[in-house]
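Engineer: Pasting a structure here, questions to come.
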Amino acid sequence: MLEISGKQKRHLRGMGQRLDPLASVGKAGVSDPFIETVRNLLSQEELVKIRLPAGPGKWRKATAEQIAEAVGAVCVGVIGRTALLYRPNDELAPKDRIHFP
């Protein structure tokens with residue numbers, strides 16, 4: 001499991017403010033095709049914002065953690081119906097990678 005510090009999470013959440021959600025959990029829920037979609041997105045980007053369905057806050061947090069675990073990422077944060085996932089990717093060009101301060 002990937003471990004990042006609180007300072008790094010704060011940096012990533014700041015970067016995530018400018019992102020648009022690239023995937024949404026639909027009526028099928030967290031299905032295999034959805035997991036595959038998120039995996040493909042994380043192979044192109046290191047930071048991905050996803051939309052979650054309406055539900056209690058604890059459920060949304062648990063759903064985001066489940067998705068992150070399934071794709072080998074870390075859940076940086078869940079705010080409302082939006083979750084932010086981060087997974088480093090060494091195959092990206094250095095200019096496309098996230099560099100922490």
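What follows is calculated from the coordinates using simple rules that are stated; it is not laboratory data. These figures come from a predicted structure and were not determined experimentally. Cβ sites come from the backbone with ideal geometry, for glycine too, and all protein chains shown count toward neighbours.
Engineer: Taking N as the number of residues in the chain, what value does Rg over Cα atoms divided by 2.2 N^0.38 Å take?
Structural biologist: 1.01
Engineer: Just want the ordering: Phe34, Phe100, from fewest to most Cβ atoms lying within 10 Å of their own Cβ.
Structural biologist: Ascending number of Cβ neighbours within 10 Å: Phe100, Phe34.
Engineer: Of the GluC sites (Glu not before Pro) in the chain, which ones lie in a loop per DSSP and count no more than 12 other C-beta atoms within 10 Å?
Structural biologist: Sites meeting the loop and neighbour criteria: Glu3, Glu91.
Engineer: Could you work out how much longer the chain between Glu69 and Ala54 gets when fully extended? Use 0.36 nm per residue separation minus the Cα distance between them, nm to one decimal.
Structural biologist: Working it through step by step, the gained length comes to 3.3 nm.
Engineer: Run the simple label-point estimate for Asp20 and Ile98 please: 7 Å along Cα→C-beta, distance reported in nm.
Structural biologist: Going from the Asp20 label point to the Ile98 one covers 2.0 nm.
Engineer: Extension gain Ala28-Arg81, at 0.36 nm per residue separation less the Cα-Cα distance, in nm?
Structural biologist: 17.4 nm
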